[in-house]
Amino acid sequence: MVPPNIAEGDIQRFSIKGRVVEANASDMQELLAHVYETPERPRCLCIPGGVEMYVARHRLFVVKRMPDTGCLHHPSCPSFEPECQQSGLGELVGEAILELVHGQIQLRVDFPWVRTAGRNLVRGEVHGVAEVEAPRRRMSLHALMHFLFERAGFNRWSPAMAGKRNQGVLHKYLMHAAEDVVVKGVGLSDRLYVPEAFNEASKFEAAQRRRNKLAVLRPHEGQSPLAVVIGEFKVCEATTLGRRVWVKHMPDAPLLVGTKTWERIERVFASLFEARDADSGHKVRLVLAALIRARREHTYEIDAASLMLTSEHWIPIEGVHELPLVHALVDQGRRFVKPLRYDARSAAAFPNALLLDAGPLPLPLHVISAFMAPKERTEKERVVRAAGAAPWLWWSTEAMPALPEAVMLRNH
């Protein structure tokens, strides 16, 4: 999985057919065409000797990271990826996230792509079974949201990204992240809708593109397909028939949901809704992932939903206790990755951030909040102790310690 390089200032250098070339070279497409589908592979020159890559073809030729090599790249390299055990991703790779075909990701999820009218779930012992399959971990809608944000590169930051993250960028790179991803035999990009940036001058054209995209929800032979909408939650309003959920940049297409269902959503995600009212001094975004189906023609109903917090820069966070650290890193122009929880029971076992510009290895940064549950605090303290001498740790009740100094970055 290679997140798109949305930080255009981070230019990689490759060795291709004995020539050293920057990723933005004018003849890059021609060079890649020469090695596409040949045994020869480009090498990323972020470290001495380089790291082997491969060439894929989408609309253009692109250089991609080889599987399981992300941690071999220099931390400052756009192709660097922390070891998956440093986030909730480690619990899913090989179980719910599979690369059975080179360049194509298959996801095993715990939610359906279709509802069938009149079909009831069969319960109880099933007789006449010829084999028993070992249970496999499946990823939730929440984990899918983390997967797309990580694959799109929104959990990582470098100074070149400042001022370049907006709804248009979110739409472009989340949709790009869904390419070459298959869920239950269906291309994820066919079932994912991320609102375009709203523009008054082109709102009718954008609305028609949305209707065309969500035409996939039309029932067929008694089956109602489902799709996923990901966008920033705006507000929910009561009606005589239930609730209307409004997503930013979708001012003309509310998502409908039953009152009882929405009340359950509010209870489960109460802390996230409260975070928008927290006196933190920093803006937070509440991002909604809604599994939807068509109630009637062009009427979209929420079948299931999950929510997550992000900073104003669209960096996913677990809670407002992480915001001061994220903002300090951004304001000081640092390079870092935010490990994501996915479906792990707790994020306490993972660093709150990994600093990428403090040396040849990523440096874990940890935060302990006074509001953490006792079990989570115990786990975080255990992880910090296991990290060895002088780990970076901030108790949120105290002044934040100085961040480790940045090391001069090598020229990729």
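Spin-label model, T397/H34: points 7 Å from Cα along the beta carbon direction are separated by 6.4 nm. In plain terms, the C-alpha convex hull of the range 128-242 casts an average shadow of 12.6 nm² when viewed from every direction.
Solvent exposure of L329, expressed as accessible area, is near 0 Å², computed with a probe of 1.4 Å over the protein chains only. From the Kirkwood radius over Cα pairs of the chain, Stokes-Einstein at 4 °C and 1.567 mPa s returns a whole-number translational diffusion coefficient of 56 µm²/s.
Starting from the Kirkwood Rh over alpha-carbon pairs, what translational D in µm² s⁻¹ does the range 265-351 have by Stokes-Einstein at 20 °C and 1.002 mPa s?
Numbers: Rh = 14.8 Å.
It comes out at roughly 145 µm²/s.
Take the Kirkwood radius over Cα pairs of the range 218-332, plug it into Stokes-Einstein at 37 °C and 0.692 mPa s, and you get 213 µm²/s for translational diffusion.
Could you work out the longest stretch of the chain that avoids the trypsin sites (Lys or Arg not before Pro) located in DSSP loops with at most 10 other Cβ atoms within 10 Å? Could you put the intermediate results ahead of the total?
On the way: sites that count: R59, R119, R123, R136.
Answer - 137-412.
Over the chain, dividing the summed -39,500 (n - 2.57) contributions of all DSSP H runs of at least 4 residues by the number of residues returns a 222 nm mean residue ellipticity of -5500 deg cm²/dmol. Can you tell me which of E95, E376, E274 moves the most in a GNM of the chain? Springs connect C-alpha atoms under 10 Å apart. Of E95, E376, E274, the most mobile in the Gaussian network model is E274. Distance between the 7 Å Cα→Cβ label points at S26 and S346: 5.8 nm.
Which percent, to the nearest 5, of DSSP beta bridges fully inside the chain are antiparallel?
Values: 58 of 71 bridges.
Antiparallel: roughly 80 percent of the beta bridges in the chain.
For the chain, the share of accessible area belonging to carbon and sulfur comes to 50 percent (1.4 Å probe, ligands and nucleic acids excluded).
Computed from the Cβ-Cβ distance with R0 of 41 Å, the FRET efficiency linking S280 to S202 stands at 0.70.
Quick check: net charge around H34, other residues with Cβ under 9 Å of its Cβ, Lys/Arg +1 and Asp/Glu -1? Kindly include the intermediate steps, with their values, before the conclusion.
Values: positive: K17; negative: E30, E40.
Here the charged neighbours net out to -1.
The values are calculated or read from the model by the stated rules, or taken from the named source; none is laboratory data. Since the model is a prediction, treat every value here as computed from it, not as a measurement. Positions of Cβ are generated from backbone atoms using ideal geometry, with glycine treated the same way; all protein chains shown enter the neighbour counts. SASA here: full protein model, heavy atoms, side chains in, ligands and nucleic acids out. Shrake-Rupley method; radii C 1.70, N 1.55, O 1.52, S 1.80 Å.
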